[in-house]
Amino acid sequence: EAASGGGVVKVAGRRLVLEAPAGTAARRVGGGAGAANSQAAAALPGQARTRVWLVHKLPGEIVAENDPAGRPSLLDRLRRGGVGKPKRKKGQPGRQRQLVHLKPIGRLDMMTEGLLVVTNCGVYSRDMELPGNLFHRVYRARVHGRFTESKMRAIRNGIEIDGVRYNGMKVSIERKTGRRERSANTWVRVTCTEGKNRQIRKVFDSLGLKVTRLIRVSFGDYDLNTIPPGLAIEVPTKEVENQKRRGSLKTKSRGRPGARRQEDSNNDKATVQWVRHL
């Protein structure tokens, strides 16, 4: 890419821009990540600016193209609705304006609904999906089954299923309002940093908890907020390096400091008394 007139590379997590004007060698353009991004746009003639849309995915849609089974495709629906259409310039016929190629950032399984971030930039999409960036993904889940402290602790500490390790996730039960409900369903809020296939459903299912509805409400610094189901809106692009909701999760069990130590102490005491009794 540098030999052909420019390109964007990343070294040790930092974006650099290479330029190769005629008669000169490729050189580094100084500055931080923000400067590198602006230089990149100038170094690559004709490169479109990065655009981002937030989509409220409907349950029953797939995040794929050209599905052989003919299932409803979110990307096809967005294109039919005109998402990605460039703004019409003065004197430019509308028929010459072509839709950009939409790239989803991460995936949602067919029955999961809620926030899906879509972009026109493959580089931005890959950066957002890199496992090392540990972007926080927050979900609301309706769960059928009985929660216990041991199950909550297993979710927070991480679990291995069929040889696959799932890292710990934050989980909290949403407070119920109004009169007491007799339903066996519970709404919980789950935060994870991985994008493994059906991760939340598999972890909960392994603990005897069935997820009956799953809604993603945020990905990194992007939020679903009040976007109606099925709607897509274009939003300003948030630079990968500047997003705050990222990094490892602290998933230690909650409770009073020293409570676990006191419980262990009581258990040891009970054992000693039993031995003494003999």
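The values are calculated or read from the model by the stated rules, or taken from the named source; none is laboratory data. Source: prediction; values computed, not measured. Here the Cβ is made from the backbone with ideal geometry for all residues, glycine too, and neighbour counts use every protein chain on show. Just the protein is used for accessible areas: all its heavy atoms, side chains included, with ligands, DNA and RNA removed. Shrake-Rupley method; radii C 1.70, N 1.55, O 1.52, S 1.80 Å.
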Q. Checking ARG146 against (1) open to solvent by 60 Å² or more (accessible area, probe 1.4 Å); (2) assigned to a strand (DSSP E or B); (3) in contact (Cβ under 8 Å) with a residue 24 or more places away in the chain, which single condition isn't satisfied?
A. (2)
Q) Do we have LEU116 as over 9 Å from the mean Cα position of the chain (by Cα) and in contact (Cβ under 8 Å) with a residue 40 or more places away in the chain here? A) no
Q. How many residues does segment 200-250 hold that are of a type in the set (S, T, N, Q) and assigned to a helix (DSSP H, G or I)?
A. 2
Q) Could you say whether any residue in segment 199-210 is of a type in the set (A, V, I, L, M), within 25 Å of LEU58 (Cα to Cα) and within 20 Å of the chain's Cα centre (by Cα)? A) yes
**Q.** Leading residue by the ranking (farthest from GLU149 (Cα to Cα)) among those in segment 199-250 that are aliphatic (A, V, I, L, M) and open to solvent by 40 Å² or more (accessible area, probe 1.4 Å)
**A.** ILE233
(Q) Between ARG189, ARG175, which is open to solvent by 70 Å² or more (accessible area, probe 1.4 Å) and at pLDDT 95 or above? (A) ARG189
